[in-house]
Amino acid sequence: MRVIPVGRARRGKALLRGATVLAMAAALQMSSVGAAHADPSGPVRPGTVGSAEAEATSLQNQADAAAKDAARAAARLDEAKARAEEEAQKAADAAATAEQSGKISDKNRADAAAAQAAQASAQAAQAQLAYNDKAAAAAQAAAAAAEAATNAEREAASLAGITDGTATEGTQTLPDTGVFPDNATHSDNVEVVGHVRGLLSNNGSCPAFKATKCPAFSSLNFVHYEKLGYDVMVANGTGGLAVWSLKDPEHPEYIAAVTVDQLKQPGETMTQFWEGENLTVDSRRKLVFLTRDSGTKGLFIIDIKDPWHPKLLGFHRVPLGHTATCINDCRFIWSVGSGVRGVSSPVYVTDVRDVNHPFTYSQAVVSDVRRTGVTSGSTHSVDVDFDGVVWVSGSGGVRGYWTDGKHFDPATQTKRYATAYDPIPYAGGSVSGSESAFLHNAYRFPNALGDRPKGDVVLITNENNNQNCAKAGVFILASLEGTHDAEGITSTPENPVKMTRLATYSPGGKPGHYVDPTGKAGDCSAHWFTVNGNIVAAGFYEQGVRFLDISDPSNPQQVGWFRVPDRAAGPDGPAIIGSNASSAYWHNGYVYVPDYGRGVDILKFTGDIPGKHEKKVCWNSCEK
Amino acid sequence: MQLLTTLDGRGRTRRNRWLAPLALTVLTLPAVAACTSTDDAPAAPRGEIAFGVIAPLSGPDKARGQDLVDGARMAVDDLNVRGGIIGQHVSLVTVDDECLDDGGKEAAKQLHLTEKVAGALGGVCDGAAEAAARVLGGNGLPFLITSANSPTLVSAEDTPTAYLTNGTPHQEALAAVHWMAYQAAQRLAVIADDNPQSAYLVNQVISVASPVPKVVSKQTLPAGQRDMAAAAATALAADPDVVYWAGPAQESGQLAAALRKAGYKGKYIASAASESPDFLSAAGRDGAEGAFVITTASPQNLPAAAAWTTRFTKTFGHPPGRDALQAYDGLRALGQAVTQTGKVDPALNSAQLAQLEDGFTTFLGELRFAPDHTVKYDNHVVLTVKGGAFTLANTLRSDDGS
């Protein structure tokens, strides 16, 4: 944080008594509060209320320590001053005695006393200077602490409704009709530890790739309940929202649902919810935001303070609704999708600081993921990285933006605050060799990887549904080098600004590759993924889940896989729906797999996980 | 004209807060409605659906009360021209609450006893409106509070059938901050007079604005010390790119003029009171030009309501005020709830108010209510001064392309 500059105490100012020190510091602090030209403090990364409060506490501690230093300096000053006065008096007395007696010995004593007085005076002057510095530092620290405290109060006030959630465990359990996939095929380092089915749609068809096997879930998220001491898992799909307790993380308990009928708005005939592929939540306020892409697009806001009894707070129209992501500590939501014309990679911004009164800005943010200004195509996903950069994926590109903190704006060539509605471009664009690809979602890897520096590698999926793996969408590793905005804003044929494609991965030909002899199934496209250490867990539709080691970003290796084949009811057991994996979420040592046909499978990856293990897996809003 | 108000720490007004009732809105009272309150419970004509109007029809606020009644009456006329509601003729039952708590309570009781009353609207003064809301809530009758705007008047628990249709002071702050975002504001200077209402508003703006725009200067001008040149200089020393003022119109104009005179090129945004000729005259042409005012929609500032305003004026012999506009939409909303259920059933109709279909719109768009029973998308709009006159700049709705 920046500190408001305080006018330093002038050297040589008249001595102060020790008791006045803190009062002086306080006076200096007061005079600094209104400092006119200082840059105000504020988060330079996605500021959380907690971090603002921690900063305020830290600065207050520093201010307290500085005040103590100043008090000690004042005491030393008082002592030095008293000694100087005493020695000066002694010197004066000795001088008088010498003057009166005229004796050499008295004169020598007077000279010695004068020297001591001079030394004491010099020490007092030194103490004065030391005190002046300490007092100024104390005042500056106090001002900084006061500013941080004000900032923390504002942060807290701007995000009302933070809650630890219920302290009372509910008793409601809903019937879960899932069949454990005892026919699953997988690599030796993958264990299948659980399976839940959750909410079913009342409509047997859905627009997922494997239409006849729908419905189930397109995405998951997790909310921690501080008072319960465990997490709740939420999933959205064509049936609506399903909620599980993760008290036993291998065997989630299905505790609540918000059904399609409950989501229906007046006059609507909705038979299924579609679809919210990148479910976003606010763990601090215990809110779920379901985004709807069919019919009237927009956000359902659901309060899950008591996850056994979710409350639908309402529906809010937004022009785009394919996916939505909380940004800036979920003060705002960025919504993307298709259907808005004439804007280059549109993103709609909704202010959800007051969830009773959400507000969507009427003008879309132009994210221009290709950096060419072309207005065709759509946006598909918004994903926040560890540094708070918000990445928009869409037709032909992936581009990151600062939405918080103070940064250099290449468009204006000035440093300014980025906001959700007025973001500052960071890096990204098209990927060389994949310029026309539909880029589905992205994640900037936080650490150095192989020979690539920290924060240089972006992981991207290209979605293209095809049974032929040679044609289907792939997993892409790309370098941001040359695309940071200081190095160019617009990509032109003469001066292309593109990411470099380092490598791609496809399940084709790898262990676990499924080839349907009828040629009707086996979608091979990349879809959603999450990262733990250097291991990517990714959903590949009917190819199931793939684990990739990306330690060498130029040569990713499949190190594990999981897939459930179809099985008709028979002597081996009940019918089992085959894989149609949407994603794979690392979470507290497990991998939860939302599947368009199956519900949720729970896996354990027992292989090595190289690389730095972050405290939390980061995807979607990257809540930490 | 600005109504005197008192305000508690939660921003609750004692009286209704039309911060800037248009000075140009001069109400000419027609004869008091036929069905005003009496000691006996009034009766609606049989075979009709009736809606109650609770308003001050006597005392110092009777002009506003009559404006409100006329707005409701115009809605009734419009509905009847189209065949009424579910095939039945619509009528009004008006009751005088005298802007008193007891008056609101008694008015609500009378409406409850009145045959065929399917719902009620009105409520100019907070106390009267709250008292009426509690009585009607207990009796299950739908009630739209169309003028009073304290958020504490309604709640899902205490007044389950009552909803606010007028934006609250907190929503005015939200509107101001959203407009600041539209203006790409970075550095905010706030200045307010020492009125509690202004203090509440600026504190709300500061809270809601976090984390950007950053508040770089905050001043509260004590009574009797309104040196606007000094206030402007202090604000500008912090190098803001937006200055927000909450307080009276004349001081607002003086501040806007002082800022421009000092060379300020940034945005000036003022609270609702500045929608006044006093602002324009105090600011002068240069000071006022380009200034923004966050206020509530009115028949005069909403171009979409121009034809309606003309029609109203012709019908009632005076131009409509905000109370009339709010009452007009409120009565239609009550009617829509009946239409959606297909019958007069207070419980069902109350529930339908929270689920009005997309086809029902006001001049600003859809009407929705929040879980706390305040209006979800409120009626605050942005005006700007162009050529010396107020012009609508933005309705702050998602579909506003301006």
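Values in this text are rule-based calculations from the coordinates and carry no lab data. Computed from a predicted model, the values in this text were never measured in an experiment. In this analysis, Cβ positions are derived from the backbone assuming ideal geometry, glycine residues included, and neighbour counts consider all displayed protein chains.
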*Taking square-rooted eigenvalues a ≥ b ≥ c of the alpha carbon gyration tensor, is region B:53-93 rounded, prolate or oblate, where a/c under 1.5 means rounded and, failing that, a/b exceeding b/c means prolate?*
prolate
*By count of other Cβ within 10 Å, fewest leading, how are A:Asp608, A:Asp282 ordered?*
A:Asp608, A:Asp282
*Where does helix B:101-113 land angle-wise versus the long Cα axis of chain B, in degrees 0 to 90, nearest 10?*
30 degrees
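At a 10 Å Cβ-Cβ cut-off, how would you order B:Val177, A:Val398, B:Val242, fewest neighbours first? Write out the running numbers ahead of the final one.
Details: B:Val177 28, A:Val398 35, B:Val242 23.
Ranked by crowding around the Cβ, least crowded first: B:Val242, B:Val177, A:Val398.
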*When only DSSP loop residues count, what trypsin sites (Lys or Arg not before Pro) in region A:316-421 have their Cβ near at most 11 other Cβ atoms within 10 Å?*
A:Arg341
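Work out the length of the dipole vector of region A:185-605 about its Cα centre, built from +1 on the beta-carbon of each Lys and Arg and -1 on the beta-carbon of each Asp and Glu, and round it to the nearest 20 debye. Kindly include the intermediate steps, with their values, before the conclusion.
Details: 36 positive and 42 negative charges, 112 e Å.
With only Lys, Arg, Asp and Glu charged at Cβ, the dipole is about 540 debye.
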*Could you give the angle, 0 to 90 degrees to the nearest 10, between helix B:306-316's Cα long axis and the longest principal axis of the Cα atoms of chain B?*
50 degrees
*Return the average number of partner chain Cβ atoms within 10 angstrom of each residue Cβ along peptide B:362-369.*
1
*Membrane-span-like helices in chain A: DSSP H runs reaching 20 Å or more (Cα, own axis), mean Kyte hydropathy at least -1.0?*
A:49-101, A:104-158
_Under 19 Å from A:Lys510, Cα to Cα: lysines that are on another chain or at least 8 residues apart_ = A:Lys471
*Going toward the positive end of the dipole of chain A, with +1 on Lys and Arg Cβ and -1 on Asp and Glu Cβ, which of A:Ala95, A:Ser338, A:Gly240 do you reach last?*
A:Ala95
*lysines near A:Lys68 by alpha-carbon distance under 25 Å, same-chain residues fewer than 8 away left out - which ones?*
A:Lys13, A:Lys81, A:Lys134
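Hull surface divided by four, with the convex hull built on the Cα atoms of chain B: how many nm²?
Working: hull surface 73.1 nm².
One quarter of the hull surface, i.e. the mean projection, equals 18.3 nm².
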*Does the protein assembly as shown come out rounded, prolate or oblate by the C-alpha gyration tensor, with a ≥ b ≥ c the root eigenvalues, rounded set by a/c under 1.5 and, if not, prolate when a/b is larger than b/c and oblate if not?*
oblate
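How large is the direction-averaged shadow of the alpha-carbon convex hull of region A:573-612, in nm²? Write out the running numbers ahead of the final one.
Working: hull surface 15.6 nm².
Averaging across all directions leaves 3.9 nm² for the Cα convex hull.
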*To the nearest 10 degrees, how steep is helix B:126-139 against the longest Cα principal axis of chain B, on a 0 to 90 scale?*
40 degrees
*Going down the table (A:Lys227/A:Lys604; A:Lys406/B:Lys218; A:Lys311/A:Lys615; A:Lys297/A:Lys615; A:Lys247/A:Lys286), which pairs top 24 Å between alpha carbons?*
A:Lys227/A:Lys604; A:Lys311/A:Lys615; A:Lys297/A:Lys615
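Within 10 Å, count the other beta carbons around each residue, average over each peptide in A:575-587, A:183-195, and list them highest first. Kindly include the intermediate steps, with their values, before the conclusion.
Working: A:575-587: 24.2, A:183-195: 17.8.
Taking the mean over residues of other Cβ atoms within 10 Å, the ranking is A:575-587, A:183-195.
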*Dipole of the protein assembly as shown [Lys/Arg +1, Asp/Glu -1 at C-beta], most positive-end residue of B:Leu325, B:Ala231, A:Val365*: B:Ala231
*asked:* Please compute, for the alpha-carbon atoms of region A:185-605, the extent along each of the three principal axes and give them in descending order in Å.
replied: 69, 50, 40
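From other protein chains only, count the Cβ atoms within 10 Å of every residue's Cβ in A:311-320, then give the mean. Mind dumping the intermediate values first?
On the way: counts 1, 1, 4, 6, 1, 4, 8, 1, 2, 0.
That average works out to 3.
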*With runs of 4+ DSSP H residues as the only contributors, calculate the mean residue ellipticity of the protein assembly as shown at 222 nm using -39,500 (n - 2.57) per run, divided by the residue total and rounded to the nearest 500.*
-9000 deg cm²/dmol
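For each of B:Ser271, B:Ser217, count neighbouring Cβ atoms within 10 Å of the residue's Cβ, then give the residues from fewest to most. If you can, show how the numbers build up before the last one.
Details: B:Ser271 28, B:Ser217 22.
With the sparsest Cβ surroundings first, the list reads B:Ser217, B:Ser271.
If you place +1 on the Cβ of every Lys and Arg, -1 on the Cβ of every Asp and Glu, and leave all else neutral, what size is the dipole of region A:340-463 about its Cα centre, to the nearest 20 Debye? All intermediate terms of the calculation are to be shown ahead of the outcome.
On the way: 11 positive and 13 negative charges, 48 e Å.
Computed charge dipole of region A:340-463: roughly 240 debye.
Using only atoms on other chains, find how many Cβ atoms lie within 10 Å of each Cβ of peptide B:210-222 and report the average.
Working: counts 15, 20, 15, 3, 8, 5, 7, 4, 3, 1, 0, 0, 0.
Counting Cβ atoms of other protein chains within 10 Å of each residue's Cβ and averaging gives 6.
How about region A:491-549: which trypsin sites (Lys or Arg not before Pro) there lie in a loop by DSSP and see at most 11 other Cβ atoms within 10 Å?
Details: sites: A:Lys498, A:Arg501, A:Lys520, A:Arg546; in loops: A:Lys520.
The qualifying sites are A:Lys520.
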_Let me check I have the definition right: for region B:239-320, take the eigenvalues of the Cα gyration tensor, multiply each by 5, take square roots. What are those semi-axes in whole Å, largest first?_
30, 12, 10
